[in-house]
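In what follows, a single structure is set out as C-alpha cells and then discussed.
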Amino acid sequence: MFKRTLLAAVSATLLISSFPSLAKTPTIDDKILRVGTDSSFAPFEFLSVEENEFVGFDIDMIKAIGKDLGYKVVVQNMGFDATIPALQSGIVDVVVAGMSITEPRKKAINFSDPYYTSGLIVLVQENNTTIKSIDDLVGKKIGVQIGTTGMFKAEKIPGATVVNFANASETFLEFDNGGVEAVIQDYPVVAYYLSQNKKGKMVGEKMDAEDYGIAIKKGNDELTAQINKSLAKIKANGEYARIYKKWFGTEPK
Ligand code: GLN
C-alpha cells in the first residue's frame, strides 16, 4: 500500500516536471513579481539593444525593491495605456512606468509613496521662434503619448489639434519628421531625448510638479506596504542614490 502511494506520488511529480504547463501558474506566493511597463520611456525604461533587456532608472529601482523583498522580478512590456487595465485584470502585480500620481488614477489603483518628482515641458523645433511656452500652443498641432498627463494637458488647449501616439518613441519620431509642431511630454524624458543628439529645444517653464509612484492593484494594501517599506529602505541605505546617480548623473534632489 505504502509502496503504491509512493509510486503514485513520484509519478505525479515526474508528470508535472515533464509537462511544465501543468505546474501551478506563478503567483506572488511563488515570489515572482510581475512588473508591467512601457519600455519607450528613457531614461526610466527602455530596451537596451546591447544587453537585450529592459534597462533604466525604474527597472533598477524595482529590481532593488524586488531583491529586498525576495521576489524575482519579471518585466512585461505593454503600452502605457494598457498598464492600469493589466493591473486590474491581474496580468501584472505592479506597474513601474514613470506614472504620475493623479487623483483620477488613485480611484482605480493603489500608488506607492512618491519616488521621483517630474513635470511636463514643451518641445519645439530648434528654429521655431513663435512658440515660447504652453500659452503659444493655442490652435497648434501637438503630439502626445496616449493616456498620459501630457495628453490631458494638451486636450485643454483651445483650438489645438492633439495627435496621439502609442508611445514616447513614436511621438518623438513624428516630431522629428515635422508632423507635429510641438510635443508635451515629461521633462526628464525630453531632456534625455535631446541629450542623444536629437534636434529640438524645450521652451517655457517646467509645468506643475508631478510625482511618480509605483502602481499596485487597488486594494492590495499588503504589497503596497511592503513596497513602501522597501522603498524607504533603499532610500536610507544609499541604493536609491546609487541608481539615481547612474541614470541622472547627480545626487537625488
Ligand atoms: N508621467 C506621465 C503620466 O503618468 C507619462 C508616463 C509615461 O508615458 N510612461 O502620464
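Okay, here's what the table says:
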item	result
Per-region count, the stretch 199-234, residues assigned to a loop (DSSP other than H, G, I, E, B) and surrounded by 14 or more Cβ atoms within 10 Å (Cβ to Cβ)	8
Search result, residues across the stretch 54-80 that are over 18 Å from K229 (Cβ atoms), under 15 Å from the mean Cα position of the chain (by Cα) and not small (G, A, S)	F54, V55, F57, D58, I59, D60, V74, V75, Q76, N77, M78, F80
The listed residue being within 16 Å of the ligand (Cβ to nearest atom), farther than 22 Å from E53 by Cα and not acidic (D, E), out of G79, G98, G150, G139	G150
Complete set of residues in the stretch 183-199 that are among the β-branched types (V, I, T) and either more than 16 Å from the ligand (Cβ to nearest atom) or closer than 11 Å to I142 by Cα (or both)	V183, I184
Strands (runs of 3 or more DSSP E) contained entirely in the stretch 50-137, each with at least 3 residues that are touching a residue at least 24 places away in the same chain (Cβ under 8 Å) and out of contact with any helix residue (DSSP H, G or I) (no Cβ under 7 Å at 6 or more places or on another chain)	72-77, 116-124
Single condition V180 does not satisfy, out of (1) within 26 Å of the chain's Cα centre (by Cα); (2) more than 16 Å from the ligand (Cβ to nearest atom); (3) surrounded by fewer than 21 Cβ atoms within 10 Å (Cβ to Cβ)	(3)
Qualifying residues in the stretch 153-177 (those that are in a strand (DSSP E or B) and more than 13 Å from the ligand (Cβ to nearest atom)) - the one surrounded by the fewest Cβ atoms within 10 Å (Cβ to Cβ)	T161
Meets criteria (within 24 Å of K107 (Cβ to Cβ), aromatic (F, W, Y), out of contact with any Pro (no Cβ under 8 Å at 6 or more places or on another chain) and within 14 Å of the ligand (Cβ to nearest atom)) for F41	yes
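Bear in mind that the values in this text are calculations on the coordinates, not laboratory data. Quick caveat, the model's predicted, so the values are computed rather than measured. Every residue, glycine as well, gets a Cβ built from its backbone with ideal geometry; the counts of neighbours run over all protein chains shown.
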